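Written out below as structure tokens is the structure these notes cover.
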Amino acid sequence: MTDTQISPVSAAWPRLERTAPSDQRSFRDALGRYPTGVVLVSAMTDDGPVGMAVNSFTSVSLDPPLVSFCPMLTSTTWAKIRPVGGFAISTLRDCHTDVSRLFSRRDVDRFGIGEWRLSPAGHPVIADALGWIDATVEWMTDAGDHELVVARATAWSESGDGDPLVFYRGGYHRLAVEGGPDAPLP
Ligand SMILES: Cc1cc2nc3c(=O)[nH]c(=O)nc-3n(C[C@H](O)[C@H](O)[C@H](O)COP(=O)(O)O)c2cc1C
């Protein structure tokens, strides 16, 4: 038996205190320490374009190309996109703070600002997006007070200049570039 197995160094590591799991505010604060980008999830419906600001978007798989996001069960926007069976993702740039705000408000004309394009599948994409993806829904499942939606990317932009809009601790931020993943370790 090696020394490592007899007295692992981790035995001396202090244990962290836990917050009461029922405290939803503190859970939201904990999650807020994880920075994300912001995208618009949008679709063309029979009644016109609909869309919402989303920060739960993430990549899932390269082969096949899958993405996901989590709409609230109560989202009236998602209720309109769901029957379409697909949507476009517009990745917002750091100049899109107002767009993100507008696309999270109710009873406003969300498409009233910005220039718009149609994706290959016919969904609205903001013209100066950092990137866009067309996706068709593969499967959905209820996940607590949200749905988990996994969708297959069918078309996407391959390049985009500029910096992303960053959402962190409930506010909008800009990216500060420190170096790539291959930068030397300290
Ligand atoms: C930065 C940001 C991120 C958001 N992320 C999500 C999300 O991941 N899922 C979601 O359902 N709503 C999210 N929202 C809220 C929606 O944008 C919006 O408030 C909601 O769609 C409004 O309700 P409605 O769908 O009934 O119009 C986010 C809002 C903001 C500002």
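What number of residues in the stretch 90-109 are in a helix (DSSP H, G or I) and either among the aliphatic types (A, V, I, L, M) or surrounded by 22 or more Cβ atoms within 10 Å (Cβ to Cβ) (or both)?
2
Of all residues in the stretch 52-67, how many are outside any loop (DSSP other than H, G, I, E, B), touching a residue at least 40 places away in the same chain (Cβ under 8 Å) and within 9 Å of the ligand (Cβ to nearest atom)?
2
Pairs needed: first member in the stretch 70-87, at pLDDT 95 or above and of a type outside the set (Ser, Thr, Tyr); second member anywhere, within 6 Å of the ligand (Cβ to nearest atom) and part of a loop (DSSP other than H, G, I, E, B); C-beta distance under 7 Å; at least 6 residues apart or different chains.
Cys70/Ser56; Trp78/Pro71
Which residues, counting only those in the stretch 90-112, are among the basic types (Lys, Arg) and more than 8 Å from the ligand (Cβ to nearest atom)?
If the condition is that a residue be among the basic types (Lys, Arg) and more than 8 Å from the ligand (Cβ to nearest atom), then Arg93, Arg110 are the ones that fit.
Is it the case that the stretch 13-33 has a residue that's small (Gly, Ala, Ser), away from the ligand (no atom under 16 Å from the Cβ) and assigned to a loop (DSSP other than H, G, I, E, B)?
Looking for residues that are small (Gly, Ala, Ser), away from the ligand (no atom under 16 Å from the Cβ) and assigned to a loop (DSSP other than H, G, I, E, B), one finds at least one in the stretch 13-33, hence yes.
Pick from the stretch 152-186 the residues that are assigned to a loop (DSSP other than H, G, I, E, B) and polar (S, T, N, Q): which of them is farthest from the ligand (Cβ to nearest atom)?
So the residue we want is Ser159.
Is there a residue in the stretch 119-128 that is buried (at least 21 other Cβ atoms within 10 Å of the Cβ), modelled with pLDDT of 95 or more and part of a loop (DSSP other than H, G, I, E, B)? Explain how you work it out, then say what you get.
First pass over the stretch 119-128, keeping only residues buried (at least 21 other Cβ atoms within 10 Å of the Cβ): 119, 123-126.
The next check asks that each one be modelled with pLDDT of 95 or more; those that pass are 119, 123-126.
Narrowing further to those that are part of a loop (DSSP other than H, G, I, E, B): 119, 123.
Yes, the stretch 119-128 contains at least one residue that is buried (at least 21 other Cβ atoms within 10 Å of the Cβ), modelled with pLDDT of 95 or more and part of a loop (DSSP other than H, G, I, E, B).
Please state which one of Glu147, Glu115, Glu138 is of a type outside the set (A, V, I, L, M, F, W, C), surrounded by 13 or more Cβ atoms within 10 Å (Cβ to Cβ) and more than 16 Å from the ligand (Cβ to nearest atom).
Being of a type outside the set (A, V, I, L, M, F, W, C), surrounded by 13 or more Cβ atoms within 10 Å (Cβ to Cβ) and more than 16 Å from the ligand (Cβ to nearest atom) holds for just one of Glu147, Glu115, Glu138, which is Glu138.
Can you tell me which residue is surrounded by the fewest Cβ atoms within 10 Å (Cβ to Cβ) among those in the stretch 68-89 that are more than 13 Å from the ligand (Cβ to nearest atom) and part of a strand (DSSP E or B)?
Checking each candidate, the answer is Gly86.
Output yes when any residue across the stretch 60-81 is in contact with a helix residue (DSSP H, G or I) (Cβ under 7 Å, 6 or more places away or on another chain) and within 20 Å of Ala129 (Cα to Cα), and no when none is.
Within the stretch 60-81, not a single residue is in contact with a helix residue (DSSP H, G or I) (Cβ under 7 Å, 6 or more places away or on another chain) and within 20 Å of Ala129 (Cα to Cα).
Test Met44 against the criterion of being more than 15 Å from the ligand (Cβ to nearest atom), part of a strand (DSSP E or B) and either within 30 Å of Asp163 (Cα to Cα) or without any contact (Cβ under 8 Å) to a residue 60 or more places away in the chain (or both), and give yes or no.
Against the criterion (more than 15 Å from the ligand (Cβ to nearest atom), part of a strand (DSSP E or B) and either within 30 Å of Asp163 (Cα to Cα) or without any contact (Cβ under 8 Å) to a residue 60 or more places away in the chain (or both)), Met44 qualifies.
The values are calculated or read from the model by the stated rules, or taken from the named source; none is laboratory data. What you see is a predicted model, and the numbers here were worked out from it, not measured in a lab. Note that each Cβ is placed from the backbone with ideal geometry, even for glycine, and that neighbours are counted across all protein chains shown.
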